[in-house]
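Just so it is clear, none of the values below were taken in a lab; they were calculated from the coordinates. Fair warning: this is a prediction, and the values are worked out from it, not measured in the lab. Cβ: placed from backbone, ideal geometry, glycine included. Neighbour counts: every protein chain shown.
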Amino acid sequence: MFGHLFDSMRYINQLDSVRPCNGVTDLARLNYCDLQGRFVSMDFSEITLNSKAQFDHYIKQHHPLISELTFTNFFAWRYFYKFRYTIIADLLCVIAVPCKNEPFAMMPIGDIREDNFALAFNALKEYFEGRGWKLKFNKITKEDLGFFKGVVASEDSIILDRDNCDYVYNTVDLVGLKGKKYDGKRNHINKFKKQHTYEYVPLECSLLDECSRIMEQWCKDRDCSCQNGDYCERQANLELLRNFKTLGCNGALIKMDGNFEAFTVGEMLSEDTAVIHIEKARNSVDGLYTIINQQFAEREWSGSTFINREQDLGIEGMRKAKLSYHPVQLIEKYTILTD
């Protein structure tokens, strides 16, 4: 048990050593004046499992809309993005210094107002400029754009990131697949049921090895290299799997004709919305993705109003698949280039 998972993690851990990126060796110290005008010196910290309670506290205050605003996301992708965080004016501030891309900041997280946002923004700007970086914000929602009035030169500095916009669906639609627009989905499921026996199995620690095997085959089919600094979904997914219980996630597998061939993992993003972090299956089996999508929605998330199925990353096939489920909302995300 756990052989595939731990073999994969040993390989990934070799890639995970935190080395200086962008010519910077010190990412720790940030100085600013708080709302009372007092000088404050803060340290940026690496994200660990012990950070979860603090992240959850501020994320809950923020009422998140986008899939990135979960501790699970920050934790799973912490090596690729080189995430660091600190608290400024009672806001959780997360920066990223990826090895092969420009540094950026996320939207300050928490009970955000114009006064504490301004304080966080100015502190981050000084921090970035002190290291020779241009301050850029990624994954900013339309609802938060108003905070950036006066800090951008023009509308050209606000760039829609279509490839990272989140697809949100009515849970009842994904569960029931009712109506003419879902005829194709129901046909895929009926064909799958006629050709295969299957069983829906909730994810437990004893099944992590099966998930890892499915993930490895999925990655092999797509020639995932996962060299140091590369975008590596495999690495992030294995991190999530290894810690899924601690992260508060639920998951499931589909056992098809006696073998596990698909798995999925998600969690609640907010009080009424679930988010699906992972969904992997044998692409050659018609209807396998369709049935794990429907079954997971029905068995785990029927109490939610919406399901966020994250972004398409600009991949044509993924965009077509996500649109085919008829989202009720596309949550826009923007990149902000500051003056």
- Message: Taking just the alpha carbons, could you work out the radius of gyration and Dmax for the stretch 130-252, both in angstroms?
- Response: 21.1, 63
- Message: If I take every Cα pair under 8 Å that is 6 or more residues apart in the stretch 166-310, average their sequence separation and divide by the length, what percent do I get for the relative contact order?
- Response: 36
- Query: Which chymotrypsin sites (Phe, Trp or Tyr not before Pro) does the stretch 278-339 hold that lie in a coil by DSSP with at most 10 other beta carbons within 10 Å?
  - Reply: none
- Query: Do any GluC sites (Glu not before Pro) in the stretch 134-210 lie in a DSSP loop with no more than 13 other beta carbon atoms within 10 Å, and if so, which?
  - Reply: E204
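Please label the shape of the stretch 166-310 as rounded, prolate or oblate, based on the square roots a ≥ b ≥ c of the eigenvalues of the alpha-carbon gyration tensor (a/c under 1.5 means rounded; beyond that, a/b larger than b/c means prolate, else oblate).
Working: a/c = 1.60, a/b = 1.20, b/c = 1.33.
Verdict is oblate for the stretch 166-310.
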- Item | Cut-off 18 Å (backbone N to label point 7 Å along Cα→Cβ of E143), residues of the stretch 308-339 | 308-311, 328-335
- Do any of K100/K139; K178/K255; K181/K255; K139/K245; K191/K245; K52/K149 go past 22 Å between their Cα atoms, and which? K178/K255; K181/K255; K139/K245; K191/K245; K52/K149
- Using only the alpha-carbon atoms of the stretch 65-206, report the extent along each of the three principal axes, biggest first, to the nearest angstrom. 63, 39, 30
- Could you pull out the trypsin sites (Lys or Arg not before Pro) across the stretch 164-219 that fall in loop regions by DSSP (anything but H, G, I, E, B) with no more than 13 other Cβ atoms inside 10 Å? K178
